[in-house]
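Single-structure report; data block below.
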Amino acid sequence: MSNDDSWSIPAPAFKAEEALVQVRRALRDLKLAERGNAYELKGKRVVELSIDGASIAVRLARRLMLTPEWDRLAIDSSAAQRKLVDEVKKRLARWETEE
């Protein structure tokens, strides 16, 4: 067999609008309250989402605070989308143990 990559199948194009719907659903499943383009936990903003061209711009709180410091992410693939949901789950678990 040769190492010819002509048989590789390209990844499907990332559709930001469809991915945004999926991310919003996943965040609601994590029991976050939806407020416009943001999601809150116990009245404190933890995630903000917006469409930025062909990607999703995300602001993710570092700590659970009224005025948090933000980590900025750009979601431009399905893998990045899954990574965001996993990161939100980790932070929610960490915030729960900190209280």
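Read the figures in this text as sums done on the coordinates, not as results from a lab. From a predicted model like this one, the values you see are computed outputs, not experimental measurements. Every residue, glycine among them, receives a Cβ derived from its backbone with ideal geometry; neighbour counts consider all protein chains shown.
Cα to Cα, under 16 Å, and not fewer than 8 places away if on the same chain: which lysines meet these conditions relative to LYS90? Candidates past the 8-residue exclusion: LYS31. Note on the chain: with a GNM built from Cα contacts shorter than 10 Å, the maximum mean-square fluctuation among VAL46, VAL58, VAL85 falls on VAL85.
Rounded to the nearest 20 debye, the dipole size of segment 14-98 about its Cα centre is 280 debye, using +1 on the Cβ of Lys and Arg and -1 on the Cβ of Asp and Glu.
Kirkwood hydrodynamic radius for segment 14-65: how many Å is it when counted over pairs of different Cα atoms?
Details: mean 1/r = 0.0883 Å⁻¹.
Value: 11.3 Å, from the Cα pair sum.
What is the local net charge at ARG62, summed over the other residues whose Cβ is closer than 15 Å to its Cβ (Lys, Arg +1; Asp, Glu -1)? Before the final figure, lay out the partial values.
Working: positive: LYS44, ARG45, ARG59, ARG63, ARG72, LYS90, ARG91, ARG94; negative: GLU48, GLU69, ASP71, GLU87, GLU98.
Summing Lys/Arg as +1 and Asp/Glu as -1 gives +3.
In this label model, GLU98 and ASN37 are separated by 2.5 nm, measuring between points 7 Å along each Cα→Cβ vector.
Separation of segment 34-56 and segment 70-99 by C-alpha centroid, Å? Their Cα centres are 12 Å away from one another.
Working out 0.36 nm times the residue gap between TRP70 and ILE51, then minus their Cα-Cα distance, what length gain in nm do you get to one decimal? The partial results should precede the final answer.
Numbers: separation 19, 0.36 × 19 = 6.84 nm, distance 1.73 nm.
In short, 5.1 nm is gained.
Hey, of [x] 14, 45, 23, 10, 6, 2; [y] 17, 55, 26, 2; [z] 13, 23, 19, 14, 18, 11, 2, which did the structure itself give for P(r) over Cα pairs in 10 Å bins from 0, in percent when calculated? Entry [x]. Based on the alpha-carbon gyration tensor of segment 50-99 and its eigenvalue square roots a ≥ b ≥ c, which shape applies: rounded if a/c is under 1.5, prolate if not and a/b is larger than b/c, or oblate? Note, shape of segment 50-99 comes out oblate. Seen against the Cα atoms of the chain and their longest principal axis, helix 78-98 is set at about 30 degrees. Within the set of other residues whose C-beta is less than 10 Å from the C-beta of ARG35, count the net charge using Lys and Arg as +1 and Asp and Glu as -1. Cβ neighbours under 10 Å give a net charge of -2.
Remark: spin-label model distance ARG63-ALA80 equals 2.8 nm, labels positioned 7 Å along the Cα→Cβ axis. Per-residue ellipticity at 222 nm from helix content only, as computed over the chain with -39500 (n - 2.57) for each DSSP H run of at least four residues, stands at -12000 deg cm²/dmol. Applying the criteria of a DSSP loop state and at most 10 other Cβ atoms within 10 Å to the GluC sites (Glu not before Pro) of segment 1-84 yields GLU69.
Rounded to the nearest 0.05, what FRET efficiency do LYS89 and TRP7 give with R0 = 25 Å and r taken as the Cβ-Cβ distance? Could you check? Please report the intermediate quantities before stating the final value.
Values: r = 36 Å, r/R0 = 1.44.
E(calc), rounded to 0.05, equals 0.10.
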